Amino acid sequence: MRQSNGPATVHRVLAGLAQSVSMGDDNGVNGDLNANLRCQSTGDPQLDNAVHQWLTWDKNRRTRAQVESLVAVGRLDDLRSILCSRMKFGTAGLRAPMGAGFNRINDLTIIQSTQGLFSYLSRYFADFKSRGVVVGFDTRGQEESGCNSQRLAKLTAAVILSRHVPVHLFSTFVPTPYVPYAVKKLRAAAGVMITASHNPKEDNGYKVYWCNGAQISSPHDNEILRSIEEQLEPWSASCWEEELVESSSLRTDPLTQINSCYMDELTSLCFHRDLNSSCPLKFVHSSFHGVGHVFVQQAFQTFGFVPPIPVPEQKDPDPNFSSVRCPNPEEGESVLELSLLLAERENACIVLATDPDADRLAVAEKSDGCGWKVFTGNELAALLGWWMFFNWRENHPDPADTQKVYMLATTVSSKILQAFARIEGFHFEETLPGFKWIGNRMHELTKTGNTVIFSFEESIGFLCGSMVPDKDGVSSAAVVAEMATYLHTKNLSLNQQLHNIYQMYGYHVSKTSYVICNDPPTIKKIFGRIRNFGGEGSYPETCGGVQIIHIRDVTTGYDSSQADLRSVLPVSKSSQMITFTLQNGMVATLRTSGTEPKIKYYTEFCAAPGKSDVSSLEEELRKVTAALVDEFLEPEKNHLIRRFV
């Protein structure tokens, strides 16, 4: 059963209680530190201590009042849920609902996180005081807790400035890829982006980048968490002073320089500018109420295009994401409705949608007959991977040059790039899920003289070239537009070219979806059952009646395909992930999300070149996917919520 004190329930309780909080002249955010320390005991000493710590340290009047109100009405389970655990770094940093509590995103936890980050960086970098930190933010916000991304970014900067270290704080919202780009360009020690990307509107996050521009991974993430726990009490009143970013001489605004450098460097991905200026195609773009509108417009102009037609209801920032059921373009046609309607009215043939922080890209194309083809992340990767290698080879005709070329993908993504590499002779590598693994691997390969020309993860995250060691929806949008323009001159649509690619390299038919589980013990029970399916230490032998020939469990480090039974991919004990290779050529993976209460499942049928009976491949994939979910996850028995859009 779903617990009544799960994240969604707690958020509703806090939101309701917040309506009764009186607002002062400072809009209810900063107030007298000692004003709310009069609070009755809960009867639980551990909880009383957590409540006391919160009310002692938190200077945001709204979030203090939320905790006081929960104590007053005796909601002890809700108090334990928000106060008795802390956030941990997932696949994309710290991410949680906004509101009061040590495992929520709010003023206090952002200050604590930054103090821990600062302490670790100051120990790690001898020249930290000259390098500084880059800080960026998106457009998220929540009125009832007084939290918004800009304020949280200013508090992040205030903590660092209070210790006399420079901060490169963007003066306005920027796409997430601008932060890692700025870290590399400015030679900063690290970067912080305040964003929850495509998560529900209640959420926000704290994404950390290392000096190489890639998201932090082990051991840095664990060391920073340890450092945070050692620095929980705010150092001084200065940590709460947003005004420091205006008055400190150590604060710089990198916006103009970084935007200019980014757009200049973007031309390295433009291969057919002569075609773009006379392009007959029309493009529609949605920024999903986030940051993408201005930046995608500029990227198009950099490529010589007329800017895309914006979806008017979605081009301006809106923290409530008022025109979409969920702010995630990965959900497909159901959330692209306004974009597709506008495209129909404007006679545009291609829709581009960036997620709220513009690091992901969704693409839809008008079908030859009627309706729209919304490309999956795996299908778009097939197109972009083909396009990047096609243009790279045009400029590097010597076959010997191919030996230094790489493409990368996460292990739950399509194996189509592997098929490319097998035939074309370049290198392909897989990483664990999460672009942090791709970014760090890119850095290692580049150091040894190799060139990474394309990387992706199936959740519509793409990186063309290597100018940013993270996924980038802004550059990808311009690249897709140029690819579509070039193909149009050959009388080909994107979808027709996709089928040409599959004919040449083999059809790769895939399915990606999820179930929602708000109860962590249930998730643990599900994966424990899989690991002891036929008795202790015995994994399933079949799925949907098809023999399983290999099993890789990166949570435990087991891989039956290896002679020593040890996984080649790094062990990741903090999340669940098991991959099954089936006798019919299918690969299926179950994994928990690092940012949301989901169990995701990925299945793919990798057919040999020339095998083109797509309908039979899709039917077999459908059957095995259904069996994977029903046999291994048991949604009804475990009260899992199936995908609803």
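Every number here is computed from the coordinates shown, using simple stated rules; none is lab data. Not measured: the values here are computed from a predicted model. In this analysis, Cβ positions are derived from the backbone assuming ideal geometry, glycine residues included, and neighbour counts consider all displayed protein chains.
What does the charge count near P317 come to, summing +1 for each Lys or Arg and -1 for each Asp or Glu among other residues with Cβ under 14 Å from its Cβ?
Overall, the nearby charge balance is -3.
Report, in degrees rounded to the nearest 10, the 0 to 90 angle that the Cα long axis of helix 614-627 makes with the longest principal axis of the chain.
The helix 614-627 is inclined about 30 degrees to the chain.
How large is ³J(HN,Hα), in whole Hz, for each residue of segment 348-359 in order, when computed from phi with the Karplus curve 6.51 cos²θ - 1.76 cosθ + 1.60 and θ = phi - 60°, using x for Gly and Pro?
Per-residue couplings from phi come out as 8, 9, 9, 10, 10, 9, 9, 6, x, 9, 6, 9 Hz.
Roughly what angle does helix 494-505 make with the longest principal axis of the chain, taking Cα atoms, 0 to 90 degrees, to the nearest 10?
Once rounded, the angle reads 70 degrees.
Go through segment 537-545 residue by residue and turn each phi into a ³J(HN,Hα) via Karplus (6.51, -1.76, 1.60, θ = phi - 60°); whole Hz please, and just put x for glycine and proline.
x, 10, 7, x, 9, 9, 9, x, x
Could you work out the relative contact order of segment 110-250? I mean the mean sequence separation of Cα pairs under 8 Å and 6+ apart, divided by the number of residues, in percent. Please report the intermediate quantities before stating the final value.
Details: 252 pairs, mean separation 47.4, N = 141.
Once normalised by length, the contact order is 34 percent.
Given +1 on the Cβ of Lys and Arg, -1 on the Cβ of Asp and Glu, and no further charges, what dipole in debye does segment 88-254 carry about its Cα centre, rounded to the nearest 20?
Dipole magnitude for segment 88-254 comes out near 620 debye.
Return the inverse of the average 1/r over all pairs of distinct C-alpha atoms in segment 508-642, which is the Kirkwood hydrodynamic radius, in Å to one decimal.
15.4 Å
Quick one: net charge around T448, please, counting Lys, Arg +1 and Asp, Glu -1 for every other residue with C-beta under 15 Å from its C-beta.
Surrounding charge for T448 is +1.
Charges on Cβ only, +1 for Lys and Arg, -1 for Asp and Glu, centred on the Cα centroid of the chain; of I423, P307, G610, which one is farthest towards the dipole's positive end?
The residue sitting farthest along the positive end of the dipole is I423.
Round to a whole angstrom and tell me the spacing of the C-alpha centers of segment 404-471 and segment 481-555.
If you average the Cα positions of each part, the centres end up 18 Å apart.
Dipole size in debye (nearest 20) for segment 508-642 around its Cα centre, Lys and Arg Cβ +1, Asp and Glu Cβ -1? List each step's numbers first, then the result.
Details: 16 positive and 16 negative charges, 80 e Å.
Taking the Cα centre of segment 508-642 as origin, the dipole is about 380 debye.
Quick check on packing: order 247-256, 170-179 by the mean number of other C-beta atoms within 10 Å, highest mean leading.
170-179, 247-256
So if I place +1 on the C-beta of Lys and Arg and -1 on the C-beta of Asp and Glu, and nothing else carries charge, what would the dipole magnitude of the chain be about its Cα centre? I want it in debye, nearest 20.
Numbers: 61 positive and 72 negative charges, 163 e Å.
That gives a dipole near 780 debye.
Mind checking which lysines have their C-alpha under 19 Å from K366, skipping anything on the same chain fewer than 8 residues away?
In chain and number order, the partners are K282, K490.
Taking a quarter of the surface of the convex hull around the Cα atoms of the chain, what do you get in nm²?
Approximately 29.2 nm², given one-decimal rounding.
Relative contact order of the chain, please, whole-number percent, based on alpha carbon pairs below 8 angstrom and at least 6 residues apart.
Across the chain, relative contact order equals 11 percent.
Towards the positive end of the charge dipole of the chain, with charges on Cβ (+1 Lys, Arg; -1 Asp, Glu), say which of L565, F125, G473 has the farthest Cα.
It is L565.
Summing Lys, Arg as +1 and Asp, Glu as -1, what charge do residues with Cβ under 13 Å from the Cβ of E634 carry, E634 excluded?
So the surrounding residues net to +1.
Size of segment 88-254 along its principal axes in angstrom, Cα-based, largest extent first?
In descending order, the Cα extents are 39, 36, 31 Å.
Near K623, which aspartates and glutamates are there with a Cα under 15 Å away, not counting those fewer than 8 places off in the same chain?
Correct list for K623: E604, E631.
Determine the gain in length on full extension of the stretch L565-N491; use 0.36 nm per residue of separation and subtract their C-alpha separation, reporting nm with one decimal.
Using 0.36 nm per residue and subtracting the Cα-Cα distance, I get 21.6 nm.
Farthest toward the dipole's positive end in the chain, which of I110, T172, S575, given Cβ charges of +1 (Lys, Arg) and -1 (Asp, Glu) about the Cα centre?
Going by the Cα projections, it comes out as S575.
Label H164 and E634 with points 7 Å out from Cα along Cα→Cβ: what is the distance between them in nm?
6.2 nm
Roughly what angle does helix 220-229 make with the longest principal axis of the chain, taking Cα atoms, 0 to 90 degrees, to the nearest 10?
It works out to around 10 degrees.
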